[in-house]
1. What list of ³J(HN,Hα) values in whole Hz, one per residue of the range 185-190 in order, does the Karplus curve 6.51 cos²θ - 1.76 cosθ + 1.60 (θ = phi - 60°) give from phi, with Gly and Pro shown as x?
2. Evaluate E = 1/(1 + (r/R0)^6) for His191 and Ala37, where r is the Cβ-Cβ distance and R0 equals 30 Å; express this FRET efficiency to the nearest 0.05.
3. Just to be sure I understand the model, the point goes 7 Å from the Cα along the line to the Cβ. What's the resulting Arg89 to Glu243 distance in nm?
4. Tally the DSSP beta bridges in the range 151-251 and give the antiparallel ones as a percent, rounded to 5.
5. Net charge around Leu46, counting only other residues with Cβ within less than 12 Å of its Cβ (Lys, Arg = +1; Asp, Glu = -1)?
6. From a point 7 Å beyond the Cα of Phe64 in the direction of its Cβ, which residues of the range 156-179 have a backbone N at a distance under 20 Å?
7. Tell me, what ³J(HN,Hα) does each residue in the range 223-238 have, in order and in whole Hz, if you take phi through Karplus 6.51 cos²θ - 1.76 cosθ + 1.60 with θ = phi - 60° and put x for Gly and Pro?
8. Can you give the FRET efficiency to the nearest 0.05 for Val157 and Asp225, using r as the Cβ-Cβ distance and R₀ = 35 Å?
Amino acid sequence: MPAPSAEQDRMPDILLRTERLTRTFAGFTAVDGIDLAVRRGSIHALIGPNGAGKTTCFNLLTRFLPPTSGRIFFDGDDITGMRPAAVARRGMVRSFQISAVFPHLTLLQNVRLALQRKLGTAMHFWRSDRSLAQLDGRALELLDEVGLRELAGEAAVNLPYGRKRALELATTLAMEPALMLLDEPTQGMGHEDVARVTELIRRVAAGRTVLMVEHNMQVVSTIADTITVLQRGAVLAEGGYAEVSRDPRVMQAYMGTADGELRGAH
């Protein structure tokens, strides 16, 4: 791997950073020179209105898109040219990429399939339950961590939406990520599910690092240590919620709503 830069050497608490990360599509700049720094052990939220570049940024970080220019550093190494699978193996795990729920398998079986990657048997679906029993203990621990242990034998198809997202978190945690990228984890949820999943993210983030795209500002204000606001592909503002929410540029970019969401931030 390329050696970390002198700047990176001075920032050992930074797990993920980008240098002038840029992506253009046929002359349109979707991500425009973003310098991002995600601290170890923090919850970092990426917000912005439609077209701000949030999803494109996530796709660049996980290498599902190559940048037009700029560099990405993860845990001190330049990963700009890596393939997506190699990035995931290094510990940057995007929730929806590895947490697809198999609806007709039980919760235990879903988590156990995610754990199989650690044994190098992820695609050996014909293996007997008996041969995979060694994974049951850890799978149950992960289900317990997200509050689903009592439903271990339930088929995933029977879960309400909020609990399916909790199951997805369990399968994400099964990969032992150094950095979890959560893409709008509360999208489409009712108030009770939002509150439950918000508390769940707070709980599983203890001792871990999370970068999340989230549209619900009440969620962001509750759990994010740092917020980066994107607009037209560039960083508009960054800081804690109190600082960012008072920024005149951010106030101009959004129209607040009574339930704490920002219209256009989806």
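1. Computed from phi, the couplings for the range 185-190 are x, 10, 4, x, 9, x Hz.
2. Working: r = 33 Å, r/R0 = 1.10.
So, using R0 = 30 Å, E works out to roughly 0.35.
3. 3.8
4. Working: 5 of 10 bridges.
In the range 151-251, DSSP labels about 50 percent of beta bridges as antiparallel.
5. On the way: positive: Lys54; negative: Asp183, Glu184, Glu214, Glu238.
Spelling it out: positives minus negatives among the neighbours equals -3.
6. Residues passing the 20 Å test: 164-179.
7. Result, ordered by residue: 10, 7, 7, 9, 10, 10, 9, 9, 8, 6, x, 10, 6, 8, 7, 7 Hz.
8. Working: r = 36 Å, r/R0 = 1.02.
Working from the Cβ atoms, E equals 0.45.
Each value in this text was obtained by applying a stated rule to the coordinates, not by laboratory testing. Since the model is a prediction, treat every value here as computed from it, not as a measurement. Virtual Cβ from ideal backbone geometry, glycine too; neighbours counted across all protein chains shown.
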